[in-house]
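Data first, discussion second: the structure below is written as structure tokens.
The values are calculated or read from the model by the stated rules, or taken from the named source; none is laboratory data. None of these values were measured; they are calculated from a predicted model. A quick note on method: Cβ atoms are made from the backbone with ideal geometry, for glycine too, and the neighbour counts reach across all protein chains shown. Quick note on the areas: whole protein, heavy atoms, side chains included, nothing else; ligands and nucleic acids left out. Shrake-Rupley method; radii C 1.70, N 1.55, O 1.52, S 1.80 Å.
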Protein chains: 2
Amino acid sequence: MPSQCKSKIDKNKYVECDDCAMNSICQPIATAQQSINLSDSYLHKRISAKKNKVLFQQSTPLTDIYAVSSGIFKLCQQTDNDEENIIGLRFPGELIGEDALYLKFYNYTAIAVGDSSVCKISVEQMTSCGKVVPEIQQNLIYLLSRQTYIRQRNFQAYIGKKSADSLLAAFLLNIIERNANYTGSDNCIELALIRNDVANFLGLRRETLSRVFSKFQKDQLIQVEGKRIQLLEQKKLIKLADF
Amino acid sequence: MPSQCKSKIDKNKYVECDDCAMNSICQPIATAQQSINLSDSYLHKRISAKKNKVLFQQSTPLTDIYAVSSGIFKLCQQTDNDEENIIGLRFPGELIGEDALYLKFYNYTAIAVGDSSVCKISVEQMTSCGKVVPEIQQNLIYLLSRQTYIRQRNFQAYIGKKSADSLLAAFLLNIIERNANYTGSDNCIELALIRNDVANFLGLRRETLSRVFSKFQKDQLIQVEGKRIQLLEQKKLIKLADF
DNA sequence: GTTAAAACTTGATCCATATCAAATTTAAAC
DNA sequence: GTTTAAATTTGATATGGATCAAGTTTTAAC
């Protein structure tokens, strides 16, 4: 039996630090000498970001990496044909910009979908700290290896999928899984994204996406009420998604 | 004018250590005390892997991470419907299995496409070394951040693309870029993969892929001779790929 | 080299998604 | 609250890729 789905997520709710990917590099560290509180040096917590706020622009030099604290961010790239492609989404507890650690430049633009908030770490200052506190290095390794795994899993979810049904099924399962800790539900989500953005991300037209949503509802696979989407038949969706 | 393309790549050619993603964690490290040669402790160089050799099976515990030294490996997953999905390819200089550092389990099966070779690092032994030689940690951070970037870039290349034309264009540009250092060519590749595997990876049927290959040749975008593929109109392909 | 199997290509038809068009619902601005 | 714009849905038609079928080429086995 599916777990109860809260009718509305508290807009002011931040992700728990324990559920945040940045946790390993933002918590106080107990060393032989003392417990260092890093929040004073390189960490800024829960900075508010209004709807459509641009965290950083594609091609600008890396200065900070972020973790989503509340809300959703979309990662966009301009194509040669001057269209905007959404190439990723980030939910509470997830990192933004950490893939620029290697390149030193951001390679997409990050935009707040609705009113949101982020925690922010200065890369320069963290690197300085890392030279004197080895634990920071170890924690960064953990963070990056976890991130590598997540990226791979995300890639697998979409590569080789073409049918609109399997794409939407994969998308819904993916975002609900990624938000389960934050929302407290493993079958339901309040998705602030408009359909147009979802279609853009999946490479479908909005009309097609709308039709698949309608079909899934008719077939009793999902239930939609405004922004709220609930999965009714998780197993059938997994089969559809070809996981 | 496109650079000359060698008619055949030397089958016995290994990737240069300087061009290998594993480089940062496999080279001798100069410490205050001494230069440590890690090849004695956790590194096995250039192990031969015959065609169809399985490096590791999906769901088995992580023991080693690999770098391709020569040849190509395909990463496969079994779906619920018992089909084999190719969810990734690895070329010389690229890592395999490093995304399991977080999960501790491999989440795909790695198979040699043709006769190949790999360098292999024991995770357990490397971790032990890392505790006494801090430089190893720093190098591992570099490696993982680079890998995170590569994954993101790879993801971007395919997400949101549906047309067979754009998928193949993106694929060709992607693999030629990834192999440029190894092959010495930025517009040409000898692809050991059979078309069936390419189609599987891209989520197309082999007939469709064949037709797109034919069309690209007719339109003078590429030139194909057996396994050898040369890009003639890189700019048009970039436009097609919607990069 | 000969034979058999595997890989690749091409054609015809069918179906899923894109496209074009218009109506309806929802959200934002005033 | 009213007005306006944005988002979403639904219908009709066109198109691109899947599917089925058969032939050709390439590769592997002997």
Cleavage-rule hits, trypsin sites (Lys or Arg not before Pro), segment A:196-225, DSSP coil, Cβ neighbours within 10 Å at most 14: A:ARG205
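State the percent of C-alpha pairs, over all pairs in chain B, separated by a distance greater than 22 angstrom.
56
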Counting only protein heavy atoms and a 1.4 Å probe, tell me what percentage of segment A:101-186's accessible area is made up of carbon and sulfur. 51
Ignoring ligands, DNA and RNA, what accessible area per residue does the protein assembly as shown give at 1.4 Å, in Å²? 47
What is the magnitude of the charge dipole of chain A about its Cα centre, with +1 placed on the Cβ of each Lys and Arg, -1 on the Cβ of each Asp and Glu, and no other charges, expressed in debye to the nearest 20? 620
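Give the whole-number value, in cubic angstrom per residue, of the convex hull volume spanned by the C-alpha atoms of segment A:161-241. Please list the in-between numbers first.
Values: hull volume 6.8 nm³, N = 81.
Taking only Cα atoms, segment A:161-241 has a hull volume of 84 Å³ per residue.
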On alpha-carbon atoms, Rg over Rh for segment B:99-243 using Kirkwood Rh? 1.05
Could you work out, residue by residue across B:96-108, how many beta carbons of other chains sit within 10 Å of that residue's beta carbon, and then give the average as an integer? 4
Using the Cα centre of chain A as origin and beta-carbon charges of +1 (Lys, Arg) and -1 (Asp, Glu), tell me which of A:GLN138, A:VAL113, A:LEU173 is placed farthest towards the positive end of the dipole. A:LEU173
Longer than 23 Å from Cα to Cα, which of A:LYS50/A:LYS215; A:LYS13/A:LYS161; A:LYS53/A:LYS215; A:LYS120/B:LYS104; B:LYS13/B:LYS51; B:LYS51/B:LYS74 are they? Say none if no pair is. A:LYS50/A:LYS215; A:LYS13/A:LYS161; A:LYS53/A:LYS215; A:LYS120/B:LYS104
Between 0 and 90 degrees, rounded to the nearest ten: what's the tilt of helix B:134-158 against the longest Cα principal axis of chain B? 20
Area accessible to solvent at B:PHE216, 1.4 Å probe radius, in Å²: 0
Classify the protein assembly as shown from the C-alpha gyration tensor, please: rounded if a/c falls under 1.5, else prolate or oblate depending on whether a/b exceeds b/c. oblate
Heavy-atom accessible area of B:ASP19 with all protein chains present, probe 1.4 Å, nearest 10 Å²? 60
Shielding by other protein chains, A:157-170, mean Cβ within 10 Å: 4
Please report the base-10 log of the normalised intensity I(q)/I(0) for segment B:17-157, using a Debye sum with one equal scatterer per alpha carbon and no solvent, at each q in 0.12, 0.18, 0.19 (1/Å). -0.49, -1.07, -1.18
With a 1.4 Å probe, what is the total accessible area buried between chains A and B, in Å² rounded to the nearest 100? 4200
Given points 7 Å out from each Cα along the Cα-Cβ axis, report the B:LYS235 to A:ARG206 separation in nanometres with one decimal. 3.4
Can you tell me the FRET efficiency between A:PHE105 and B:LEU103 if r is taken as the Cβ-Cβ distance and R0 is 25 Å, rounded to the nearest 0.05? 0.30
Computed from the beta carbon distance with a Förster radius of 30 Å, FRET efficiency for A:GLN217 and A:ARG153 to the nearest 0.05 stands at 0.65
Helix A:206-218: inclination vs chain A longest Cα principal axis, degrees, rounded to 10, gives 70
Could you work out the relative contact order of chain B? I mean the mean sequence separation of Cα pairs under 8 Å and 6+ apart, divided by the number of residues, in percent. 21
